[in-house]
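Heads up, the thing below is written out as structure tokens.
The values are calculated or read from the model by the stated rules, or taken from the named source; none is laboratory data. Everything quoted here is computed from the prediction, not taken from an experiment. A quick note on method: Cβ atoms are made from the backbone with ideal geometry, for glycine too, and the neighbour counts reach across all protein chains shown.
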Amino acid sequence: MNFRDSEGLRIINNWMAEKGIAPFPFQLQTWQRYANGYSGMVVAPTGFGKTFSVFLGVVIDYLNHPEKYPKGLKLLWISPLRSLAKDLAKAMTEAVDDIGLDWTVQVRNGDTPTAVRRKQERMMPDVLLTTPETMHLLFSQKKNSRWFKGVRCVAIDEWHELIGNKRGVLTELAISQLRYYSPKLRIWGITATIGNLEDAKHVLLPYSDLNITQITAKQRKKLDIISVLPDEIEVLPWAGHLGAKMVDKILPIIASNTTTLIFTNTRGQAELWYQLLLNAQPDLAGLLAIHHGSIDKKLRNWIEDNIASGYLKAVVCTSSLDLGVDFKPVDCVIQIGSVKGVARFMQRAGRSGHSPFERSKIYFIPTHSLELVEVSALKEAIKNKQVESRDPMVLTFDVLVQFMVTLAVGEGFDSEKLFARIKEIHAFQYITKDEWQWCIQFITKGGKTLNSYEEFHKVILDEDGLYKVKSRRISMLHRMNIGAIVSEVNMMVKYISGGYIGMIEEFFISKLKPGDSFILAGRILELVQIKDMTALVRRSKAKKAVSPSWLGGRLPLTSHLSHYLRLKLSDALQPGRLEKELRFLNPLISRQDEHSHIPKSDEFLVEMIETKDGHHLFMYPFEGRLVHEVFSALMAYRISKLKQITFTIAMNDYGFELLSDQPIPVDANNIEALLRKENLMDDVVASINASEMASRKFRDIAVIAGLVVQSQPGTRKNNKSLQSSSGLIFRVLEDYEPDNLLLRQAYTEVFNQQLEEARLQQAFERISKSKVILKHAKSFTPLSFPLKVDSLRGTMSNEKLDKRIQRIKEQAFKIE
Amino acid sequence: MQIVTEHITLKNEDVILTNQRAIYWEREEALILSDIHIGKTAHFRRHGIPIPDGILQKDLNRLKELILHFNAKELFIVGDLFHAETNSDMATFKQWLTQFEDLNLVLIKGNHDTQSLRLMDDLGIVVMAQLEIEPFIFLHEPMDNTLNLFTISGHTHPGVLIKGRGKQKLKLPCYQVTVNQLILPAFSLFTGLNTRNIPKDASCYAFTDTSIFKL
């Protein structure tokens, strides 16, 4: 039967016609390809009905061939965000009800009540919306394969959000396992535009037996970017997150639009701006809300409902509202502070004017001066249609061993057969037999050094030839640990009188004493006491309070944007006629030029400053924070070859600072040698080994691989006797098992994720062709000041510990 | 291994602090330490977390060197001798103990010490809730005491954060000493450091592998 004349398509077309809409060409195309047995990837911006492309494709196919679909689960819908699922399920349920299909659509994720989960386990719905983590939790259940044998299609929604991180690997593994249960499974990805769509498709669909297609929506969103400038440049600080005077500029924007989303980059800033806006215009109370990942779920749901209904006038939020539901009333987006990447900026802008034919409108509010250069760079990148790539992760052994234990907790696995399947997956296509053996060894015997230990029985080889977990306690511990999102240690915040407010990082709360006040969820709270990983608080009468800092969520500038940033800064001394941001900045840029220098595109600036803090060396490669972390360690390493020295290192997206208590032996004679491109990679390897970078990367690896048990906020039973830190385990493994694959992975991740050899080579190539300008400044310059105030610092030293202590003592130290 | 010492006087008694996480009280010929957490690595392994047992060996070797160095007659463990359940590390410890037949072991019971008395008997360890030998009281958890008594305790795994010029920061284990108490660092190397809750007016003696010094 011809698909165009099929009954299924007729029903859907009629249904849409009744609602007064017609399918977009890409939707029709998806339905047809699905009917022809294809797997594939749909590329479409949000707001164009991408959900209904794949979902209705399955519905139509079912309507045409109901006999091909057994009872039970038919479509699995995996999306990265829990909050998306609820509304998607609603939309899907409406659709199947309208067309009179007797399907059930249900959600299953961490928020799903136990009773509902038990019910699902007895009888799965026809469509299940879930997350990668919940898929793995399902695989850890006994006899889980029975749920998935009849699944015909798995859809991966917002694939672009998953591909660049370990949750993407979890997804790849989940798909592989589903294919094992249901060999004829069709796999469909849905993604927004990213720089490497071909890669994205290949990572999702590496299987040669599939017919694969890609469908791209032609529709494009019209976008207006409006940067909001203060009345005078002095209003903006050089650094930091303030620019509170910009409040007066934000209020009129809120007033003149129906509903405004105000994006900030961190939860701390969201709290801060919420207070600033309320103080400036108290009658916004009740109409202005705050939304971020640490706020109670119930409150977040309430806020989301009230954005949708148009009741709220404005919401201050973080990336928590980047994705998700279509909020129809939102007609304006304000971005406060740099957004650090082209793709994210466009995504946020797309939250306004959500219907396909409206324009998106985004206001950019700089919080410090240099961000004006960033917005100028951003506009240029968008004009040139440059969107970042999201590089898939490979050989993540932490995720692999977790998955192996997950299967062992569930139905058990056969080593040879699983190895063959794992090798098909993009992330593990280059895994060797030896590495696989190591993983088996790791989960059965704990690694090479543990050969003789009787007490290690994590996974055992059962009589039937399958690897299994037999201990209930280990199963329980493992299930708690499934996933690849490693958060800071969090504490629940509750009123002492009862009532949950949200979560806060232990790191922050541990610095407070009872009686101190802080801000959460827009409320000023007084800490009463800490008990069982819960901070008990009461309302505070204080007018002012510290707003919490969350360590997580600091985003690095992407390489794309940094490239444009370099060009724009060098233009800034002679800004073009239309570049109002750069023209506005001119006084500040001139000041930098007067006191130091503005690097032209063929120059590389180095600044040296001496203050009471010590001796500072600043370099400005403009390569983004991640690359600067490696770059700075390399410079510290090369300088330490000249003299025994200790550095503390700070970096941001523009450059980095090496700070030492001793004079830094760098001058015009040796600076070019220090920046030499020769021996680059050897020195980089040596500097990574000497620095703390790998140890930091190991933090996530240790948790994902189950070496560190995370305490569960708010629970009394938090496995206290199993507490240790990843730093401790990192050192132990360095001492006793240096060839441990998870340890090696930490070093590889520094390489793959931060450094991108090619890019660093290019940077040094560029620098070697540039004129190096070394300036001694008397005080901090507009470029160096932001680095001075940055609080995230690392250390690198090649001095003897005792010698360091000796000198610190002579300098009259402080103790904490 | 290098033993570096610092002599201090507490309540007119000579006490030697070492950089190896134990102190020696000359009058009683007693080596005193806290929080050795034997069985911790095996406890982790039993729960599916592979931790090499070289750590225990290293701790026991250090302890042996200390006992021989001072020719100690008494060993006071101020709590948390064992980490959790009975496991294979205890056998290792028992075997290790046989080389010190004349050593007198006293355990001041810590929050982790949930072993049966029979096992302690078997190991020849005297268990007490607290031990009083003029002018000191040994107990596991430090307490705010206003009495004219000097307590020696452990439990908190004390550490100190040192800040130097150029925003340098160093975290080191330490002894904390006030007019009426001394808090011992954790003996085991498989422990974390707690740099918070330093008692009021405490002097900290921090140490490295090769030095010990007062802050």
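A compact table of results
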{"quantity": "Candidates A:Asn752, A:Asn740 - the one that is surrounded by fewer than 17 Cβ atoms within 10 Å (Cβ to Cβ) and within 15 Å of A:Ile701 (Cα to Cα)", "calculated": "A:Asn752"}
{"quantity": "When residues of the stretch A:192-227 are limited to those that are of a type in the set (Ser, Thr, Tyr) and over 16 Å from A:His160 (Cβ atoms), the one modelled with the lowest pLDDT", "calculated": "A:Ser227"}
{"quantity": "Residue count for the stretch A:513-541, restricted to those that are part of a loop (DSSP other than H, G, I, E, B) and modelled with pLDDT of 75 or more", "calculated": "8"}
{"quantity": "Check on A:Gly499, farther than 28 Å from B:Ile198 by Cα, surrounded by fewer than 19 Cβ atoms within 10 Å (Cβ to Cβ) and modelled with pLDDT of 80 or more", "calculated": "yes"}
{"quantity": "Qualifying position, being over 33 Å from the mean Cα position of the chain (by Cα) and within 18 Å of A:Ser687 (Cα to Cα), among A:Ser632, A:Ser640, A:Ser596", "calculated": "A:Ser640"}
{"quantity": "Residue satisfying condition, being surrounded by fewer than 22 Cβ atoms within 10 Å (Cβ to Cβ), among the hydrophobic types (A, V, I, L, M, F, W, C) and over 30 Å from A:Pro782 (Cα atoms), within set A:Val409, A:Val401, A:Val405, A:Val394", "calculated": "A:Val394"}
{"quantity": "Filtered residues of the stretch A:644-667 (kept if surrounded by fewer than 23 Cβ atoms within 10 Å (Cβ to Cβ), charged (D, E, K, R) and within 14 Å of another protein chain (Cβ to nearest Cβ))", "calculated": "A:Asp661"}
{"quantity": "Residue, nearest to the other protein chains (Cβ to nearest Cβ), within the stretch B:168-192, restricted to residues that are assigned to a loop (DSSP other than H, G, I, E, B) and surrounded by fewer than 20 Cβ atoms within 10 Å (Cβ to Cβ)", "calculated": "B:Gly192"}
{"quantity": "Contacts under 7 angstrom Cβ, first residue in the stretch A:250-276 being buried (at least 24 other Cβ atoms within 10 Å of the Cβ), partner part of a helix (DSSP H, G or I) and aromatic (Phe, Trp, Tyr), 6 or more apart", "calculated": "A:Ile262/A:Trp273; A:Thr264/A:Trp273"}
{"quantity": "Of all residues making up the stretch A:721-746, the number that are aliphatic (A, V, I, L, M) and within 11 Å of chain B (Cβ to nearest Cβ)", "calculated": "6"}
{"quantity": "All helices (runs of 4 or more DSSP H) inside the stretch A:122-174 with 3 or more residues being touching a Ser or Thr at 6+ places or on another chain (Cβ under 9 Å), touching a residue at least 12 places away in the same chain (Cβ under 8 Å) and not small (Gly, Ala, Ser)", "calculated": "A:132-139, A:159-162"}
{"quantity": "Residue within the stretch A:724-747 that is in contact with a Gly (Cβ under 8 Å, 6 or more places away or on another chain), assigned by TED's automatic domain parsing to the domain that holds A:Val685 and modelled with pLDDT under 85 present", "calculated": "yes"}
{"quantity": "Flag if A:Met92 is over 34 Å from the mean Cα position of the chain (by Cα) and under 30 Å from A:Asn301 (Cα atoms)", "calculated": "no"}
{"quantity": "Matching entry among B:Ile198, B:Ile162, B:Ile137 (being among the hydrophobic types (A, V, I, L, M, F, W, C) and away from chain A (no Cβ under 14 Å))", "calculated": "B:Ile137"}
{"quantity": "Whichever residue in the stretch A:600-639 is at positive phi and modelled with pLDDT of 85 or more and, among such residues, is surrounded by the fewest Cβ atoms within 10 Å (Cβ to Cβ)", "calculated": "A:Gly614"}
{"quantity": "Single unsatisfied condition, B:Asp209 versus (1) modelled with pLDDT of 90 or more; (2) under 14 Å from the mean Cα position of the chain (by Cα); (3) not β-branched (Val, Ile, Thr)", "calculated": "(2)"}
{"quantity": "Unique match (being crowded, with 23+ Cβ neighbours inside 10 Å and under 20 Å from the mean Cα position of the chain (by Cα)) among A:Ser319, A:Ser338", "calculated": "A:Ser338"}
{"quantity": "A:Glu765 over 29 Å from the mean Cα position of the chain (by Cα), at pLDDT below 80 and acidic (Asp, Glu)", "calculated": "no"}
{"quantity": "Residue within the stretch A:231-250 that is in the same structural domain as A:Tyr363 (by TED's automatic domain parsing), among the β-branched types (Val, Ile, Thr) and in contact with a Ser or Thr (Cβ under 9 Å, 6 or more places away or on another chain) present", "calculated": "yes"}
{"quantity": "Given (1) surrounded by fewer than 18 Cβ atoms within 10 Å (Cβ to Cβ); (2) basic (Lys, Arg); (3) farther than 23 Å from A:Gly57 by Cα, number of the condition A:Arg167 does not satisfy", "calculated": "(1)"}
